[in-house]
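Novice: Below is a structure I'd like to ask you about.
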Amino acid sequence: METAHLEFQNDAKSILDRGTEVIRIEVEALQKLAESLDETFVDACRTILAAEGRVIVTGMGKSGQIGRKAAATFSATGTPASYVHPGEAAHGDLGMLVRGDVLVVISNSGSTAELQVILRHARLLGVPVIGIASRPGSLVMRHADVQLRLPAAREACHDNIAPTTSTTMQLALCDALAMAVMDMRGFSRAGMKLLHPGGAIGLRLLPVRDIMHGESAMPLVSADARMPDVISEMTSRGFGIAGIIDGEGALLGVITDGDLRRHFDVLSEVSAREVMTTTPKCLSGDISAEAALELLNDLKISAAFVVEDNAQGRLLPVGIIHLHDFVRIGLG
């Protein structure tokens, strides 16, 4: 008799139903995993935190792919880590595991033969082993000082063979370990910035002062300036805003396109002081690009001055940022 999955129809509904089914199977497995965490998870986190050296992650096949990602996540969040292929370990890479390290071994069955060499070496060195597997009496769990057992769950394939649900749980559990240890370390946003100078994360954490337009680009006028002159400055600079300053260069207020519309009938008769908004929204140069973009969007404004306090506690404009600047660096 043919099984149901061999009669799969390639119509749109069947394809969508199957995709939904796979995701739901994995979601249910993740829920089981979340409910299974106990003091053993705490022990694993404390073991990692106490390591004097690195976290060495190993695993074979698809578990090895998860191991590579886990090592990268640990390293990116303040816990030095490396991946060691169990097959290569027997041909010289055992030297990557030294006293003071912690070994994290990932295997769904826990009985992967290629893991024996590195497990024996860890025992010889006295390196603590954290085992991640589904079978409590398996090779990995027998060698593990801390046993993180994956709950029983079917793979998402009909024949219960292709690593899908199991690797999803492995990935989530390793992420949970990395994030918990990150918080235990007190690893900060500054630390993330240091380790991610490039790419999307680096852009998001970049301080506004690194992307703002400087002093020469700022549209600044005095409080006594006539509005035709203010409009000319706004138009020439192209930010849709002008900063109003006093004789010492401190920011008194701003004039935006909205202020111009509200005072349209008297613009030829008044000064900047009479039109400006005296409580402008400003940014610190230390704020991240991500936070600055979010703030501008929340306030529904397109530009803001970057300011710093002077000795008298007054705001001095040191730059200006526009929504277009975030688009320019790939954040918009």
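The values are calculated or read from the model by the stated rules, or taken from the named source; none is laboratory data. Note that this is a predicted model, so its numbers are computed, not measured. Methodologically, a virtual Cβ is constructed for each residue, glycine included, from the backbone with ideal geometry; neighbour enumeration extends over all protein chains shown.
Novice: Cβ contacts < 9 Å: first residue assigned by TED's automatic domain parsing to the domain that holds G258, restricted to the stretch 233-246; second residue of a type in the set (K, R), any location; separation 6+ or different chain. Result?
Specialist: If the second residue must be of a type in the set (K, R), the pairs left are I244/R273; D246/R314.
Novice: Just name the residue that is farthest from the chain's Cα centre (by Cα) out of those in the stretch 87-109 that are more than 26 Å from A153 (Cβ to Cβ) and of a type in the set (A, V, I, L, M).
Specialist: A90
Novice: Check whether at least one residue in the stretch 77-86 is within 24 Å of the chain's Cα centre (by Cα), of a type in the set (G, A, S), at pLDDT below 95 and closer than 19 Å to G186 by Cα, and report yes or no.
Specialist: yes
Novice: For the stretch 36-76, which positions are over 20 Å from S166 (Cβ atoms) and either of a type in the set (K, R) or not assigned by TED's automatic domain parsing to the domain that holds A113 (or both)?
Specialist: Listed by number, the residues that qualify are R46, R54.
Novice: Can you spot a residue in the stretch 71-84 that is hydroxyl-bearing (S, T, Y) and in a helix (DSSP H, G or I)?
Specialist: Yes, the conditions are met somewhere in the stretch 71-84.
Novice: Can you find even one residue in the stretch 183-205 that is under 18 Å from the mean Cα position of the chain (by Cα), modelled with pLDDT of 90 or more and among the hydrophobic types (A, V, I, L, M, F, W, C)?
Specialist: yes
Novice: When both residues are 6+ apart or on different chains and their Cβ atoms are under 8 Å apart, which pairs have a first residue that lies in the stretch 95-117 and is without any contact (Cβ under 8 Å) to a residue 40 or more places away in the chain, and a second that is basic (K, R) and buried (at least 16 other Cβ atoms within 10 Å of the Cβ)?
Specialist: Qualifying pairs under 8 Å: S109/R135; G110/R135; S111/R135.
Novice: Of R18, R68, which residue is of a type in the set (K, R), surrounded by 13 or more Cβ atoms within 10 Å (Cβ to Cβ), part of a helix (DSSP H, G or I) and within 23 Å of the chain's Cα centre (by Cα)?
Specialist: Of R18, R68, the one residue that is of a type in the set (K, R), surrounded by 13 or more Cβ atoms within 10 Å (Cβ to Cβ), part of a helix (DSSP H, G or I) and within 23 Å of the chain's Cα centre (by Cα) is R68.
Novice: Then there's this: Return the only residue of A180, A162, A176, A156 being out of contact with any Leu (no Cβ under 8 Å at 6 or more places or on another chain), within 28 Å of R123 (Cβ to Cβ) and hydrophobic (A, V, I, L, M, F, W, C).
Specialist: A180
Novice: Another question about this same structure. Taking only pairs six or more apart or across chains, which ones have beta-carbon atoms under 7 Å, a first residue in the stretch 214-230 that is over 20 Å from G319 (Cβ atoms) and touching a residue at least 24 places away in the same chain (Cβ under 8 Å), and a second residue that is acidic (D, E) and part of a loop (DSSP other than H, G, I, E, B)?
Specialist: Listed pairs, sorted by first residue: A223/D246.
Novice: Does any residue of the stretch 271-285 turn out to be at pLDDT below 90, crowded, with 18+ Cβ neighbours inside 10 Å and more than 21 Å from R328 (Cβ to Cβ)?
Specialist: yes
Novice: For the stretch 206-224, which residues satisfy the criterion of being surrounded by 21 or more Cβ atoms within 10 Å (Cβ to Cβ) and at pLDDT 90 or above?
Specialist: M212, M218, P219, V221
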